Amino acid sequence: MTTGTDVRQPAHAYLGHPRDAVRETFERAFFAVELERLLAEAPGGRVLDLGCADGLVRELGGARVKEYLGVDLHPPADESQGTFLAHDLGEGLGPVGGKPFDLYFASFGVASHLAPHELVRLCRELAEHARPGSLVALEALGLFSLEWPALWETAPGPARMLPYRLSAETWVHPWAPSELEAIFADAGITTLRGVDRSIQAGPKVGEGRYWPGLPPVRASLNDLLAGTDEGVGAVEALRALEAPLPPLPAHPAAGMHHALLARRQELVRAERGLSPQRLARAVWALEPGTGGGFGHGLLAVGRVGRRPSGRSAVG
Ligand SMILES: C[S@@+](CC[C@H](N)C(=O)[O-])C[C@H]1O[C@@H](n2cnc3c(N)ncnc32)[C@H](O)[C@@H]1O
């Protein structure tokens, strides 16, 4: 599963990318919950944050994180916020020291910012570095997200690489749960679960770049969180939440997205009296807690097994 496409990320694509209210309100809370569960499941508190940006995992983990190392192409300069390493994960795990971590974590789709062969190598190297029992939780972009129906039937590799705009253009490669499970298995990591994030309101859902006619649900939730409760803003926000979906490919994912829309339409009809923020929270609460790769993000969680004889730990 190599791509031949050079997906080395342009250095500036990740810098200065604005954060919206949905991220700061709902998506941070999603990772706070998942991280709390993971830290309880992998006690010890030694955490490696892959693609750490400004160290969200350290911030969310708080005192439960005893030792923290963040790795990123662009780690923060301020070491008072933690220990950071500037490294390209496309070249492997990198010089993270010999001591295993209890948890190897990557939030906000980092796994999809690597080419397939780079992700395979990273998983192998981190499983070699880990101790038996360490947890691995890597978030990729979900293949069956409503944002990119044109990818649903594609095979891993070049046909699935998606041009993707952050602060500048870069490339991403979404994944299905079964594919991540196979990459984990190859590395000696047993998959425990997948968790979908942001099924209704992926950041690219209303932009029209990958599929025409999708309602701008995320923009609506951002408007509602900002307190839009009258005038054109409120009308537009409600319209987008109730809008029908455009024709989608005949694929099981379409049924899931239609069923979720039907629940959202019912909620919006029944709860017009709610304040904008409450309505936004009620819509977000409809997220079904699946792990099928239907969300913008797909958090793949696995546990490192015993090393087969003949494979040695990285020392
Ligand atoms: C979508 S952001 C996620 C940031 C962070 N995990 C968070 O939760 O805020 C992706 C991050 O991965 C980093 N990244 C992308 N490709 C990388 C690579 N090949 N090696 C190291 N870091 C990389 C970017 O610099 C960026 O900070």
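Read-outs: derived from the displayed coordinates by stated rules, not from any lab. This structure is a prediction, so every number in the text was calculated from the model and none was measured. In this analysis, Cβ positions are derived from the backbone assuming ideal geometry, glycine residues included, and neighbour counts consider all displayed protein chains.
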With eigenvalues of the C-alpha gyration tensor scaled by 5 and rooted, the stretch 115-237, Å: 34, 17, 12
Zone residues, the stretch 275-296, relative to residue 192, backbone N less than 18 Å from point 7 Å out along Cα-to-Cβ: 290-292
For the stretch 237-246, Karplus couplings with θ = phi - 60° (6.51, -1.76, 1.60), whole Hz, Gly/Pro x: 4, 5, 4, 5, 5, 9, 4, x, 7, x
Kirkwood Rh in Å, taken over all unlike Cα pairs in the chain: 20.2
Fraction of beta bridges assigned by DSSP in the chain that are antiparallel (%, nearest 5): 55
The stretch 255-269 - phi-based ³J(HN,Hα) in whole Hz, Karplus 6.51/-1.76/1.60, Gly and Pro as x: x, 4, 5, 5, 5, 5, 4, 4, 5, 5, 4, 4, 4, 5, 5
Other-chain or far-sequence residues with amide H under 5 Å of residue 141's (modelled H): 112, 175, 298
Residues in the stretch 15-30 reached by a label modelled at residue 77 [backbone nitrogen below 19 Å; 7 Å Cα→Cβ]: 15-17
Relative contact order [Cα under 8 Å, 6+ residues apart], the stretch 108-197, whole percent: 36
Under 12 Å, Cβ to Cβ, from residue 34 - net charge with Lys/Arg +1 and Asp/Glu -1: -1
Sequence-separation-based contact order of the stretch 134-256, relative, with Cα cut under 8 Å and 6+ spacing, percent: 22
Part-to-part distance (alpha-carbon centres) for the stretch 14-31 and the stretch 59-128, which is given in Å: 19
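When the helices in the chain are scored as -39500 (n - 2.57) per DSSP H run of 4 or longer and the sum is shared across all residues, what 222 nm value do you end up with, to the nearest 500 deg cm²/dmol?
Details: 8 runs with 94 residues, N = 315.
Taken over the chain, the calculation gives -9000 deg cm²/dmol.
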Percentage relative contact order, the chain, counting C-alpha pairs under 8 Å, at least six apart: 23
5 angstrom amide H check on residue 85, placed H, neighbours 5+ away: 70, 71, 72
Estimated FRET transfer efficiency when R0 is 41 angstrom, pair residue 86-residue 155 (beta carbons, to 0.05): 0.75
Full-stretch length increase - residue 117, residue 306 - with 0.36 nm per residue and alpha-carbon distance subtracted: 65.7 nm
J(HN,Hα) series, the stretch 43-50, from Karplus relation 6.51 cos²θ - 1.76 cosθ + 1.60, nearest Hz, glycine and proline x: x, x, x, 9, 10, 9, 9, 8
Residues 223, 54 arranged by fewest to most Cβ contacts within 10 Å: 54, 223
Additional length obtainable on full extension of the chain from residue 19 to residue 59, 0.36 nm per residue less Cα span: 12.8 nm
